[in-house]
Amino acid sequence: MNKDQAEGKLKDVGGRVERQVGEWTGDNEKQAHGTMKQAEGKVQKAWGDVKEAGKKAVDRTNEKAAERETPADTEVEETEVRTTRRKAS
């Protein structure tokens with residue numbers, strides 16, 4: 001969970017509370033402010049979700065690239081060892 005996800009969730013919950021208090025007390029201004037704050041929180045959390053998904057995609061891509069490089073590196077090293085042994089004989 002990244003910063004935007006956490007802060008967005010907190011704003012969403014805070015906005016819900018404020019909106020609900022506005023409904024209970026009949027304060028339309030507080031209710032509207034709470035709704036606005038709630039929407040802002042949802043947008044920020046969604047942005048955090050997008051960032052997190054991008055980070056995970058990059059991590060998976062890097063892992064796959066590392067997996068592909070490992071066997072090739074091993075083959076080169078084995079070839080070098082065989083070549084060195086032949087030259088030494």
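One table, with the values for the structure above:
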{"quantity": "Yes/no for K42 being touching a residue at least 24 places away in the same chain (Cβ under 8 Å), more than 17 Å from M1 (Cβ to Cβ) and either touching a Cys at 6+ places or on another chain (Cβ under 8 Å) or part of a helix (DSSP H, G or I) (or both)", "calculated": "no"}
{"quantity": "Scan of region 1-40 for residues that are among the polar types (S, T, N, Q) and over 17 Å from K51 (Cβ atoms), ordered by number", "calculated": "Q20, T25, N28, Q31, T35, Q38"}
{"quantity": "Filter pass, R86 being modelled with pLDDT under 95, within 35 Å of the chain's Cα centre (by Cα), in a helix (DSSP H, G or I) and at negative phi", "calculated": "no"}
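The values are calculated or read from the model by the stated rules, or taken from the named source; none is laboratory data. Note that the structure is a prediction, hence the values are computed from the model and not measured. Backbone-built Cβ (ideal geometry, glycine too); neighbour counts: all protein chains shown.
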